[in-house]
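The values are calculated or read from the model by the stated rules, or taken from the named source; none is laboratory data. As the structure is a computational prediction, the values presented were derived from the model and not from experiment. So basically every Cβ, Gly included, is an ideal-geometry build from the backbone, and we count neighbours across all protein chains shown.
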C-alpha cells in the first residue's frame, strides 16, 4: 500500500471517530436523562403518571413531604400549595391541592417543573396524577385548584424521613401546543375570579 | 561534608514552609478573619473542614519539601562544574514500585477523613427549621418556611463608595440591608434555588457553598455554635454584578431569635394592613416623583442606568420607550411580573404597591418622557389582581 | 529511550540540499500563505501563539489594573467580565494550544525521521483558519452589548437566555478553533503511525512524540463534544431548544456535565506536551538518559485515560448525591499517582547526572518545581469537603495558573530556548534570556502565589471589586502581573534578534548531551529534511 493510501485510510478512521464523538456529545443528552431517571441525581421526577396497584402500605414509617411553589420571572400567576407539608406512610395514596390564579388580562399557559431534594428521593416519588404532566392553560382572571396525587414508594431508603418537592411555574404560552383551546378542567368558573 | 550540604539544602527548602506555617498558626490563634488561610468558622462541620484542609496542606508541603529537597541537592551535588560525571542508570524497579505505592497509601490516608466529613456534611436529615434561599440577579431572597416572613437581601454599600467618591467603610461589599437571621444551636436547613441564572450561596464560616440552579432545588445545612455575624458572597458568575451580591447571616441565641421572629411577623402584618390603607390614598405628583426617583435609583438604575438610557444591546432604554410613553397597563405589568426569557425580573414581591406606583410614575415622567401620568397604589393593585 | 538514534545512513540533507532543486525556498507573503512545509507552518503557529499570548496578556493587564485597588476605577463590571472571558478563551485556544501545535509541527517529523507531516495541505488549512477565528472573537468585543461575558466556561443559562447577540460570534469562532485542533490532531496521529523511519519502534520514539500522540487522541475524542455543547448553547439561545432550560424540561447542570466532559481532558491536552518537552530537556542537560522511559509512557497514557472519568470535580457544589461526589473525589486523587511518578522520574534523571544550567534547563527546573506546586493545590481541590470552601475562589485561579503558566507556558518557553538554535542556526542572546528568565520567574510568583491566600481568605473568582481585607494582596498580585507582562517584552526582543539570524553560529548537536534525530541534521535545519528516511538502530 502506498504511503498516501495508508495515510488516507487512517484519516478516514480518525474522521469516523470525530463524527462519532460529535454524535456522542449529543447522545449525552438522552444519556443524562436516563442516568437521572435511574439514579435521581438531579431530583427530577417522572413525566408521566405512575400506576397505583397493590402497593403495601408501610404503617411503621412516616415520611414528611414538603411543598414549595414558585413562579418564574414573567409569570404573573398566584400559585400556592393548599398544604405546606404532609406526613404520609410509604405506599399510601395522598392528594394535595394547588391553587392557581391568572390575574393578567390575557390567557396564559403554564408549565410546572418539579424538583425534589434530596435528589435520590425523586426515584421514590410516584405521582399518579399531576398538573405537571401537562401544560395548564388558564383564562385571564380565572383560578383553579389543581390536584396532585402521589404515593411514596416503600422502597424509599430508611434514612430519608423528609423530602421537599418544589414546583416552579413557567409561562409557556409562546410555545404551547394547540391543546390550549380546551379549557382547564380544574378551572373554577371565571365569574368567581378576583378577591 | 556531602551530608552537611544535603542537610543545609533541605533546610533551606524547608525554611519558607516553616515561616508560612507560623503565619497560619498565628492567624488561627487570633480567631479573627485571616488574610492568609481558611477560617475555622462557627460550626462543627466548618471546624472539621478546616482541620482536613490543614492536614492536606501539611502533607502537600511535606511532599514538596522532600521532592524539591532531593532536586536542589542534586543541583548542587551533581553539577558538571563540580566535576560530576554522569551515572548510567535509567531504571530501578524497587524504587519505582516504592514511589508508586507510597503516594497511593498517602492518598488513602487523606481519603478516609475526607469521606467521613463529606458524609456528615451531606446529611440534611432531622433539621429544626428550614429557610428557602432564592438567588436572582443580583440579590438574595430569604423565606422562612414556617412563617410568613420573607424578604430580599441587597447589597447595602453605597454606590459612591464603589465609585471612589466616598471613603470605603469596614464591611465594604460585605453588607446587606436585611441579613438572614437564624438561631444558634439548631440545625438550620437551607433550600437553595434561583430565579434566573446559576448563582451560588456561600458562607465560609459555615463551610456551606451550594449552587442555586434555576428550576431546581438544592439543600444544605448548618448548626451554628456561636452567635455572630457571618459574611459570604455569591460564588458563581451570574452577570455583571456577581461581585455585588453578598450573603450576610446573623446567628442569634434562640430566645433572641424568637423575639426577632415575632417582631418580623408583626412587621409583615403591619405592612399588609398598610397596603390595604394605601389602596384608598392618593399621592401628589411631587410625592410620587420623589419616592419614584428613590426607588428607581435603588432598584432599576443598575440596569436601566440613572439617565434611563439603559445599556444598548443589553438593557433597554426607558427614556423615550413605547412602554413608558404609551402602554401604562403594560408598563405596570412588566414591573410587577417581569418578562420571561429576559433579565427583567418580577418586582411584585420586592416593592410595595406604593413603591411600584411611584417608580412607574417616575419612569413615565422623567428624562423628558413627560406623560403627565400619575399612577397610584390602587392602580397597581388593580393590575396585580386582574381587575 | 534506548540509544536509538545512531543513524546508519544519514540524511542527504547535510551536503545535497544546496544543489537540490527541491530546496528553492519560496519568498514573500505567498510563501507564508500557501506553505505546506511543516517547519514554516510550525513557525506560523508559534508566532501566532506568541501574538495571542500578548493580546490575552493585555487583557490580563486590564483585569489586574482594575483589581489593583478596591472600587471600580477603570472599567465597568460588564466589560470586566468580557475581559476575563476573552482572556481565558485566547490563552487556552489561541496561545497554549497553537504553541504546542507549532512545536509538534516543527519537531515531530524531524524526531521520527519523516520528511513532513502526513497531510501537508490540511496542515496549512489547520493554521490559517485560526487567525480568522480569533478575528471573529475579538471583533465581537466591539458589538453593541459587548462580547461574551460569561467566562470561558460559558455556563447556561447565563450564556443562553441572559447573554447578548455576540454569543453567536463566540460559538462560530469556537467551532473554527475546534476544527483547526481536530485537523491538527488527525495530522499528528497519521504522521506518527505511518511515517516513522525504519527501526523507530514505538518504544524508541522520543517522549515528546509519545505525549503528542496521546494528546492528539484526547483532542479527537473531546473537541467534538465541545462542538456539541457550543451548538446546544446556540440552539437554546436562537432556535428555541431547551437543552439547558428548566421551563422546557431541560437542565442547566447538564450543560456542566457536557462541558466538563470536554473540559477536563482539555486541561490534560494542555499539559501532556509540556511533560514531553521536559522529558526531552532534562536528560540533555543531565547528560543522562531519561529515567524510566517505559513508565513515562504508561504514566502519560494512564493520565489520559483517567482524565475521562474525573470531570465532575469541577461541579462539586452543583448538588450531586454523596456517592457521586465520592467517586469523583477518589478518581481525581488517583491522577496524582502517575503524575507524581513523572516528577520523580525527572528528578531521578538529574540525580547523579552531570548537570549544566543553560536556559532550557532553567525553565525546565522552574517547571518541575512550580508545576508540582500547582499539582499539589490540585490535590487539595480534589478533596470534596474542602473544595466546598475553595471552589470558585482565587484558590482555584492560583491552581490553574500555576499549572498553565508556570507549567505549560514555561515548558513552551523552555522548548523555544532549547530548539531555537536548531531552527535558526544561531545561539540566542543569552544575556537577554537570563533577564527574561529571572524577571519572569520572580514576577510570576509574586503574581500567582498570593492568589492562594486571598482565595483561602474568601475572595471569589470573576469579580471586578472586592472587600477591603483582600486589598493588600491584590495590590501585590497586580504589581507582579504588570512585571510579568513587561518581562515578556524581553522575550519578544530576543525572538526578533533570533529571527534576524543574529548571534553565534551553532553546531548540529547544539547542546552537549542532546540526543535524537533532530540533532543529527545541520543547524539551521534545512527546509526539507529526511527526504530519504534514516535507518534507526
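Quick notes on this structure:
- The set of residues in the range B:57-91 that are more than 7 Å from every other protein chain (Cβ to nearest Cβ), outside any helix (DSSP H, G or I) and more than 26 Å from residue C:294 (Cα to Cα) contains only B:83.
- Every listed requirement among (1) surrounded by fewer than 20 Cβ atoms within 10 Å (Cβ to Cβ); (2) within 27 Å of the chain's Cα centre (by Cα) is met by residue C:447 save one, (1).
- Residue within the range B:330-338 that is surrounded by fewer than 16 Cβ atoms within 10 Å (Cβ to Cβ) and either more than 12 Å from chain A (Cβ to nearest Cβ) or not in a loop (DSSP other than H, G, I, E, B) (or both) present: yes
- Residues in the range B:347-364 that are touching a residue at least 40 places away in the same chain (Cβ under 8 Å), in contact with a helix residue (DSSP H, G or I) (Cβ under 6 Å, 6 or more places away or on another chain) and not in a helix (DSSP H, G or I): B:347 only.
- Qualifying residue in the range C:399-416 (condition: part of a helix (DSSP H, G or I), at the interface with chain B (Cβ under 10 Å from one of its Cβ atoms), modelled with pLDDT of 95 or more and surrounded by 24 or more Cβ atoms within 10 Å (Cβ to Cβ)): no
- Scanning the range C:337-364 for residues that are part of a helix (DSSP H, G or I) and either within 7 Å of chain B (Cβ to nearest Cβ) or at pLDDT below 95 (or both) turns up C:337, C:340, C:341, C:343, C:344, C:347, C:350.
- Filtering the range B:260-288 to residues that are surrounded by fewer than 18 Cβ atoms within 10 Å (Cβ to Cβ), touching a residue at least 12 places away in the same chain (Cβ under 8 Å) and closer than 15 Å to residue B:364 by Cα leaves B:285, B:287.
- Hey, residue A:103 over 20 Å from the mean Cα position of the chain (by Cα) and either crowded, with 18+ Cβ neighbours inside 10 Å or within 14 Å of chain C (Cβ to nearest Cβ) (or both) or not: yes
- Test: residue in the range C:385-397 that is away from every other protein chain (no Cβ under 11 Å), surrounded by 23 or more Cβ atoms within 10 Å (Cβ to Cβ) and part of a helix (DSSP H, G or I): yes
- Residues that are away from every other protein chain (no Cβ under 13 Å) and more than 21 Å from residue C:346 (Cβ to Cβ) number at least 2 in the following helices (runs of 4 or more DSSP H) confined to the range C:231-325: C:252-269.
- The numbered conditions (1) free of Cβ contacts under 8 Å to residues at least 60 places away in the same chain; (2) within 33 Å of the chain's Cα centre (by Cα); (3) away from chain C (no Cβ under 11 Å) are all true for residue B:94 except (2).
- Among the criteria (1) crowded, with 23+ Cβ neighbours inside 10 Å; (2) away from chain C (no Cβ under 14 Å); (3) not in a strand (DSSP E or B), the one residue B:257 does not fulfil is (1).
- Cross-chain or 6+ apart pairs with Cβ under 6 Å, the range B:115-133 first and surrounded by 18 or more Cβ atoms within 10 Å (Cβ to Cβ), then in a helix (DSSP H, G or I): B:117/B:48; B:117/B:52; B:117/C:385; B:118/C:384; B:118/C:385; B:121/B:45; B:121/C:385; B:122/C:322
- Screening the candidates C:183, C:195 for the property of being at pLDDT 95 or above and closer than 30 Å to residue C:537 by Cβ yields one hit, C:195.
- Cβ-Cβ distances below 8 Å connect the following pairs, each with a first residue in the range B:221-248 that is at positive phi and more than 7 Å from chain C (Cβ to nearest Cβ), a second residue that is crowded, with 24+ Cβ neighbours inside 10 Å and in a loop (DSSP other than H, G, I, E, B), and a separation of six or more residues or different chains: B:228/B:42.
- Pair list, Cβ under 8 Å, 6 or more apart: the range B:206-217 residue in contact (Cβ under 8 Å) with a residue 60 or more places away in the chain, other residue in a loop (DSSP other than H, G, I, E, B): B:206/B:41; B:206/B:42; B:207/B:41; B:212/B:198; B:212/B:236
- Scanning the range B:299-316 for residues that are part of a loop (DSSP other than H, G, I, E, B) and within 11 Å of residue C:78 (Cβ to Cβ) returns B:313, B:314.
- Per the listing B:295, B:314, the residue uniquely closer than 20 Å to residue B:367 by Cβ and modelled with pLDDT under 90 is B:314.
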